[in-house]
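The values are calculated or read from the model by the stated rules, or taken from the named source; none is laboratory data. Predicted model only: the values in this text are computed from it and were never measured. Here the Cβ positions follow ideal geometry from the backbone for every residue, glycine too, while neighbour counts run over all protein chains shown. Note: accessible area is taken over every heavy atom of the protein model, side chains too, but ligands, DNA and RNA are not part of it. Shrake-Rupley method; radii C 1.70, N 1.55, O 1.52, S 1.80 Å.
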Amino acid sequence: MATQQSSDLALAGQPAAYWTGLAYEALIGFTRARQVEKGYTQPQFWLLRNLSVNDISPDGAGMTVAELRAAMASYIRPEDDLAAEAEVLLGRGWLSRDAEGRLWLTEEGEQARVEMARNAPAIRAALHEGIDDADYVTTVKVLQRLIRNAGGAVV
C-alpha cells in the first residue's frame, strides 16, 4: 500500500483489512511500549485484571494459568507467555499460588492494578490526539458494520 497521502477515491478502494491490521499493530505496540516504560507489561496488567473482583473477575476466585489463558483468548497475543508473566508477578508479591496451582491476587497486586489502570487515560489521550469524539464514534460504527458484513459478531 502507498505510504503517501492518497485521494479519498483511492482510499475508498483500499482493503479495510490492510488498514485495520496496520492500526492494530501500531496501537498495541504503542500501548505496550508505554506500559513497559511504567514498569509492567500488558499481559501482567491483564492477569491482575482477570483476578480482581474489582475489575474483570466476577468473584475474585483464583485461576490456573490455563484458565486465565482461556479467559483472555479473545485478546491475548501468540507471543504472550502468561506462565512467565505470572512468575514475575509472584516474585513481586502481587500474586500468590495455592496448592492446586491457582493464582490469587494479593492486596499488593490489587494496589498495583489500580496504579496501572491510572495510566490508561494518558495512553488513550496520546492515541486520540487530533481525533474528535464524533470522528472516533463514526470510525467504530464503520468497523462494527464491516465486522457484521463479514459475518462476525459485534459485542
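Between Val137, Val88, Val36, the residue with the greatest mean-square fluctuation in the GNM of the chain (Cα pairs under 10 Å linked by springs) is Val137. The chymotrypsin sites (Phe, Trp or Tyr not before Pro) of the stretch 1-102 meeting both criteria, a DSSP state outside H, G, I, E and B (loop) and at most 12 other C-beta atoms within 10 angstrom of the site's C-beta, are Tyr75.
Taken about its Cα centre, the stretch 11-87 carries a charge dipole of about 260 debye when Lys and Arg each add +1 at the Cβ and Asp and Glu each add -1 at the Cβ. Which residue, chosen from Gly109, Ile131, Gly152, occupies the Cα position most advanced towards the positive end of the dipole of the chain, where the dipole is computed from +1 (Lys, Arg) and -1 (Asp, Glu) charges on Cβ about the Cα centre? Result: Gly152, furthest along the dipole toward the positive end.
How large is the helix-only mean residue ellipticity at 222 nm for the chain, computed as the sum of -39500 (n - 2.57) over DSSP H runs with n ≥ 4, divided by its residue count, in deg cm²/dmol to the nearest 500?
-18000 deg cm²/dmol
Largest GNM mean-square fluctuation among Leu89, Leu143, Leu105, using the chain with Cα springs under 10 Å: Leu143. What the pair-distance distribution of the stretch 82-121 shows, using all Cα-Cα distances binned every 10 Å from zero, is 30, 51, 17, 2 percent. Based on Cα contacts under 8 Å between residues 6+ apart, the chain shows a relative contact order of 18 percent.
Taking a sphere under 10 Å around the Cβ of Val53 and counting the other residues whose Cβ falls inside, with K and R at +1 and D and E at -1, yields a net charge of -3.
Helix 107-117 axis versus longest C-alpha principal axis of the chain: approximately 10°, rounded to the nearest ten.
The tail of the calculated P(r) for the stretch 46-87, taken as Cα-Cα distances beyond 16 Å, holds 28 percent of the pairs.
Between Gly101, Gly13, Gly130, the Gaussian network model of the chain with springs among Cα atoms under 10 angstrom shows the greatest mean-square fluctuation at Gly13.
For the chain, the Cβ-based charge dipole about the Cα centre amounts to some 320 debye (Lys, Arg positive; Asp, Glu negative; other atoms uncharged).
Using heavy atoms of the protein chains and a probe of 1.4 Å, the accessible area assigned to Arg102 is about 70 Å². Taking Asp98, Asp81 and ordering them by how much accessible surface each has at a 1.4 Å probe, largest first, produces Asp81, Asp98. Do any GluC sites (Glu not before Pro) in the stretch 68-155 lie in a DSSP loop with no more than 11 other beta carbon atoms within 10 Å, and if so, which? The qualifying sites are Glu79, Glu100, Glu129. A 1.4 Å probe run over the protein chains yields, for the chain, 64 Å² of accessible area per residue, whole-number rounding. The angle between the Cα long axis of helix 133-149 and the longest principal axis of the Cα atoms of the chain comes to about 90 degrees, rounded to the nearest 10. Computing P(r) over Cα pairs in 10 Å bins from 0, in percent directly from the structure and comparing it against (1) 8, 23, 30, 27, 11, 1; (2) 9, 31, 31, 19, 8, 2, 0; (3) 8, 10, 11, 12, 11, 10, 10, 9, 6, 4, 3, 3, 2, 1, 1, 0 singles out (2).
I want the local charge near Pro78. Using Cβ-Cβ distances under 15 Å, sum +1 for each Lys or Arg and -1 for each Asp or Glu among the other residues.
On the way: positive: Arg32, Arg69, Arg77; negative: Glu25, Glu79, Asp80, Asp81, Glu85.
Net charge around Pro78: -2.
For Arg102, neighbours were defined as the other residues whose beta-carbon sits under 15 Å from its Cβ, and their charges (Lys and Arg +1, Asp and Glu -1) total -3.
Taking only protein heavy atoms and a 1.4 Å probe, the accessible area of the chain is 57% carbon and sulfur.
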